[in-house]
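Nothing in this text is a laboratory measurement; each read-out follows from the coordinates by a stated rule. Owing to the predicted nature of the structure, the values given are computational and were not obtained by experimental measurement. Glycine gets a Cβ as well: all are built from the backbone with ideal geometry, and neighbour counts include every protein chain shown.
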Amino acid sequence: MTRRWSMSFKSCSAELDVLLRGFIVDLIIRRARLRHRENLVDVGVKSGRIITIAPSVAEKGAVEIDAGGNLVSPPFCDPHVHLDAVLSVGDPRYNQSGTLLEGIAIWSERKPTLTKELIRANALEAIKWEVAQGCLKIRTHADVFAPELIAVEALLELKGDLKDEVDIQVVAFPQDGIYAAPHGEKLMEEALRMGADVVGGIPHNELTREDGIRDLEYAFSLAEKYEKPIDVHCDETGDEQSRFIEVLAKLAIERGFEGRVAASHATAMHNYNNDYAFKLIGILQRAGIHVITNPFDNAVLQNRFDGYPRRRGHTRVDELLARGVNVAIGHDSIMDPWYPLGRGSMLQAANLLLHTAHMSGYAQISQLYDMITVNSARTLGVAGEYQIAEGNTADLIVVNASSEMEAIRLLPECLWVIRRGKVLATTSPARSRVELGDTAEDIDFKRGETQ
């Protein structure tokens with residue numbers, strides 16, 4: 001597979017600016033298949049906004065793309081990733097047990113050697129990977145316990161540098177626990193003063209349940225003071241006694257934060273007894289809690305101590321969705337102490353969740369695509385102009401597949417990634433040629449029919 005960046009993370013070239021003058025439409029995507037529409041359409045873009053969606057656009061575009069009946073959708077979102085740790089697998093050592101706790105230990109060993117330049121370089125590379133695969137909205141956690149807040153500083157700088165290409169939110173994240181390590185409260189508040197967009201927390205990593213509740217209460221206090229949303233690593237464990245998510249929901253209701261709070265992971269819910277889980281899900285729906293499941297990490301880190309039979313280790317995705325709770329998919333780790341693999345593909349994350357969450361029902365596959373697009377946009381608080389509609393910002397991707405099901409099955413290329421009407425990245429599809437007997441043909445793994 002050949003990938004290339006069609007434009008750098010810089011402003012549009014002078015030559016292209018000249019080319020655009022004199023045309024009514026800057027960009028036209030022809031023969032686009034939009035979600036929830038039967039017929040193909042043309043999408044016209046001018047000055048970074050969608051100006052028309054019609055069966056055919058008569059005007060000529062300065063730039064024209066033939067989608068060829070492929071799926072055109074809003075860009076993917078990654079609502080949960082740790083860009084300060086990406087591409088660090090094996091440094092200073094590999095996670096041999098595959099557990100969350102060993103991953104945290106390795107990260108703690110690495111932190112003293114971190115530099116802002118290293119964090120920036122690795123994070124930028126991972127961002128390029130995600131953008132090449134259609135992801136233009138990212139929420140990253142930044143460990144406030146990295147020396148001198150360099151993780152927060154580095155990721156905030158990248159957010160500013162790339163603001164015209166990628167939307168990045170930075171979470172002030174207390175990896176070691178606000179009260180389990182020195183100066184946690186001070187570091188969290190300083191990260192907010194520096195410009196962090198979201199307040200984080202990690203109650204299950206505190207030394208006691210009481211401190212875990214304090215962790216959440218302090219997060220809400222900071223969120224109120226700085227008028228920020230909240231995204232907490234909550235109950236990321238197989239321990240069925242870890243029930244901080246009920247506290248999170250209660251505080252959201254009491255403090256008027258309905259719809260502004262995310263519970264990342266919530267994997268202990270997998271192991272709760274069913275009576276309690278049923279009650280809890282109703283409370284989460286009432287509180288407007290967004291749940292972010294992270295298939296790669298949750299599948300390999302959780303329930304490591306089960307022996308056999310071994311539970312799947314992620315949250316109750318299907319039950320949450322059925323009860324009206326907004327559930328999104330995050331990538332979480334990309335080659336770091338917690339997960340040694342990954343390449344920044346949100347489609348791959350959705351494909352994995354289909355298997356581990358038993359979500360292969362026909363309607364559920366469309367829900368999986370929602371979880372890396374509209375559900376994630378809702379979690380990030382950016383749903384307003386996210387949809388493909390006339391008047392909205394022209395952030396679009398052309399996926400090399402005819403439907404959501406084909407996209408999740410094939411894990412295809414994003415042929416074009418478009419930001420505010422400008423082509424940001426392109427990918428050339430892989431070519432497979434098979435010779436059987438006297439016949440040679442190209443194979444694209446598609447069924448040859450439209451879903």
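Listed by Cβ neighbour count within 10 Å, with the fewest neighbours leading, ASP231, ASP275 appear as ASP275, ASP231.
In whole percents, the pair-distance distribution calculated for region 284-325 from its alpha-carbon pairs, binned every 10 Å from zero, is 27, 42, 26, 5.
Summing Lys and Arg as +1 and Asp and Glu as -1 over all other residues whose Cβ lies under 9 Å from the Cβ of ASP42 gives a net charge of +2. Rg and Dmax over the alpha-carbon atoms of region 247-349 stand at 14.5, 43 Å. Based on Cα contacts under 8 Å between residues 6+ apart, the chain shows a relative contact order of 19 percent. Of ASP442, ASP42, ASP66, the sequence from fewest to most neighbouring Cβ atoms within 10 angstrom is ASP442, ASP66, ASP42.
Computed from the Cα positions only, the extents of region 117-203 along the three principal axes stand at 39, 24, 19 Å, in decreasing order. When only alpha carbons of the chain are considered, Rg and Dmax amount to 22.3, 73 Å. Normalised by 2.2 N^0.38 Å, where N counts its residues, the alpha-carbon radius of gyration of region 388-445 equals 1.52. Sorted from greatest to least, the principal axis extents spanned by the alpha carbons of region 220-277 come out as 36, 19, 15 Å. Against the chain, whose longest principal axis comes from its Cα atoms, helix 362-371 is set at around 70 degrees.
Rg and Dmax of region 33-142, both derived from C-alpha coordinates alone, stand at 21.1, 61 Å. Taking the centroid of alpha carbons for each part, region 284-301 and region 375-451 are 26 Å apart.
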